[in-house]
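Student: Got a structure here, written out as structure tokens. Questions coming.
The values are calculated or read from the model by the stated rules, or taken from the named source; none is laboratory data. All of these numbers come straight from a predicted model, not from anything done at the bench. Cβ: placed from backbone, ideal geometry, glycine included. Neighbour counts: every protein chain shown.
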Amino acid sequence: MRTFDLTPFYRSTVGFDRLFSLLDQAAGEGANGYPPYNIERTGENDFRITVAVSGFSQNEISIVAKENTLAIKGEKAANENGKQGEVLYRGIASRAFERTFQLADFVQVKNASLENGLLHVDLVREIPEAAKPRQIPISVGTAQAAKTVEAGDKAAA
């Protein structure tokens, strides 16, 4: 496995700490592929994260959105002793997991649903009016100068 040491970059750059931390985190998460997930764009500003959580009930999954991070955590309840019989082979993974996603600015969680062993988390990007680009009208410089000259003439009179 390859590892990269980003320490020299931390010393020679200013303001890119978060970027390098994300690179470190992404390199570490590559080995853990449980549970599998999809990220889809469902509209211009709409997204959906689908996580395969078969075997987990609604009560065993928690979703927390904090700042620009979405954390999905699943933890099975204590042993299922109430079931009859002995398991001879366990091929369906039911181990605890925690999956985190970095969200872009202005992305909010709209809702979450659990269907057929798939957890769907719908996201929407709502950019506030103050952050949206706006058209700036261009005025002609001679008209502004003419108004200034007229005001000066009236003041002199």
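Student: One residue is enough: does region 123-142 have a residue meeting the conditions modelled with pLDDT under 90, farther than 28 Å from L22 by Cα and surrounded by 10 or more Cβ atoms within 10 Å (Cβ to Cβ)?
Tutor: Checked against the condition, which is being modelled with pLDDT under 90, farther than 28 Å from L22 by Cα and surrounded by 10 or more Cβ atoms within 10 Å (Cβ to Cβ), region 123-142 yields no hits at all.
Student: Then there's this: Which one of L103, L114, L70 is in contact with a helix residue (DSSP H, G or I) (Cβ under 6 Å, 6 or more places away or on another chain), surrounded by 10 or more Cβ atoms within 10 Å (Cβ to Cβ) and either modelled with pLDDT of 90 or more or on the phi > 0 side of the Ramachandran plot (or both)?
Tutor: Numbers: L103 fails: in contact with a helix residue (DSSP H, G or I) (Cβ under 6 Å, 6 or more places away or on another chain); L70 fails: in contact with a helix residue (DSSP H, G or I) (Cβ under 6 Å, 6 or more places away or on another chain).
Answer to the check: L114.
Student: Shifting gears a bit: Answer yes or no as to whether T3 is surrounded by fewer than 12 Cβ atoms within 10 Å (Cβ to Cβ) and at pLDDT 90 or above.
Tutor: No, not satisfied.
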